[in-house]
Amino acid sequence: MADKGTKTARQIIVVALVLLAAYCVWLTHRDFHLTVSFLFVDVGQGKCNLVVAPNGRTILIDAGTHTYGQNDRVEAIAQKVISQFARIGVRKLDVISVTHPDKDHYNLLPILMKELQPSLLWLPLGEDADAEWQSVKAIAMNGRTQTIAARLGQRLWLDTKRGVFVEVLGPPNGVVPKVSEWSPNDASTVLKLSFGEVSVLFTGDIGGMGQRWLLSSGANLRATILDVPHHGSKHNLETFLRAVRPKVAVISAGRQNPFGHPYPSTVEALKRLGAIVWVTGEQGSLLIRTNGRNFSLIGL
Ligand SMILES: [Zn+2]
């Protein structure tokens with residue numbers, strides 16, 4: 001009888017251990033899928049910011065690099081971007097948003113659109129007659145990529161079940177860059193992504209004009225993470241940075257770039273606000289993972 005009892009007890013323990021292991025696997029799986037990832041790729045002097053929602057849907061905000069006259073840099077950087085995306089399991093894009101038609105924000109697109117087949121290209125308000133920009137749009141229109149213009153107040157849902165969406169906060173509708181006093185940089189599409197208590201503000205290259213307008217627009221600019229405007233240039237207003245009050249400030253700027261980005265006073269202003277400042281050219285690509293409440297920073 002004692003032997004039989006011991007055997008039964010052992011069987012119960014084995015079953016309990018198997019159930020516990022299965023529960024742990026389920027927890028890991030569940031937590032993994034409840035995570036939003038932000039990848040700020042070190043593309044040299046440019047911007048390339050990826051968002052991956054819990055359901056796997058993706059949006060890429062800008063993808064460009066300064067070539068300094070070396071055209072082979074575009075191919076090399078595009079391959080680096082594709083391999084970093086693959087490292088976090090991304091082999092296809094759903095949406096690409098270009099904040100404004102400057103090469104350091106879009107010149108990786110011909111390769112990325114071919115390799116990662118986005119279904120939607122979100123276009124900026126500003127136009128440019130530049131042949132390279134026109135060819136990016138032509139590639140999209142000739143393929144299966146739908147194009148729409150970003151307009152103030154538009155909301156794009158990435159994951160409705162988990163409440164992950166991106167909203168256009170600027171520029172105001174009707175702005176015609178160059179013709180009006182708005183520069184193409186100031187007319188960059190400004191996007192805010194929200195997931196639970198965590199939010200990210202993507203700002204393209206807005207300067208004083210765009211920042212002042214945002215401050216007066218009444219939009220809630222507070223954000224956990226700030227994609228710092230214009231590669232951390234001197235055109236950042238302290239009042240704007242204070243309104244955002246980020247915990248993490250990411251500056252996409254190339255190492256020893258000739259533009260003096262990031263500007264020391266911009267970095268100091270961010271540090272005074274208590275932000276962790278990450279400069280891609282110095283520290284490399286940054287992956288941020290969040291469950292909507294806490295977040296972790298991982299250097300890639
Ligand atoms: Zn730029």
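Just so you know, all these numbers are worked out from the coordinates, no wet-lab data involved. In this text, all values refer to a predicted model and were calculated from it rather than measured experimentally. Backbone-built Cβ (ideal geometry, glycine too); neighbour counts: all protein chains shown.
Here are a few things to note about the model shown:
- If R0 is taken as 51 Å, the Cβ-Cβ distance between Ala149 and Val18 corresponds to a FRET efficiency of 0.40.
- Cα-based radius of gyration for the chain, normalised by 2.2 N^0.38 Å, reads 1.14.
- 28 Å Cα-Cα threshold exceeded, pairs from Lys80/Lys137; Lys92/Lys247; Lys103/Lys271; Lys80/Lys103; Lys114/Lys247: Lys92/Lys247; Lys103/Lys271; Lys114/Lys247
- Extending 7 Å from Cα along the Cβ direction at Asp72 and again at Trp157 yields two label points whose distance is 4.8 nm.
- As a length-normalised measure over Cα pairs under 8 Å and 6 or more apart, the relative contact order of the chain settles at 16 percent.
- Distance (nanometres) between label positions extended 7 Å along Cα→Cβ at Glu282 and Ala86: 3.2 nm
- Extension gain for the segment Glu132 to Thr239, taken as residue separation times 0.36 nm less the Cα-Cα distance, is 34.9 nm to one decimal.
- With contributions of -39500 (n - 2.57) from each DSSP H run of at least four residues, the per-residue ellipticity at 222 nm computed over the chain stands at -10500 deg cm²/dmol.
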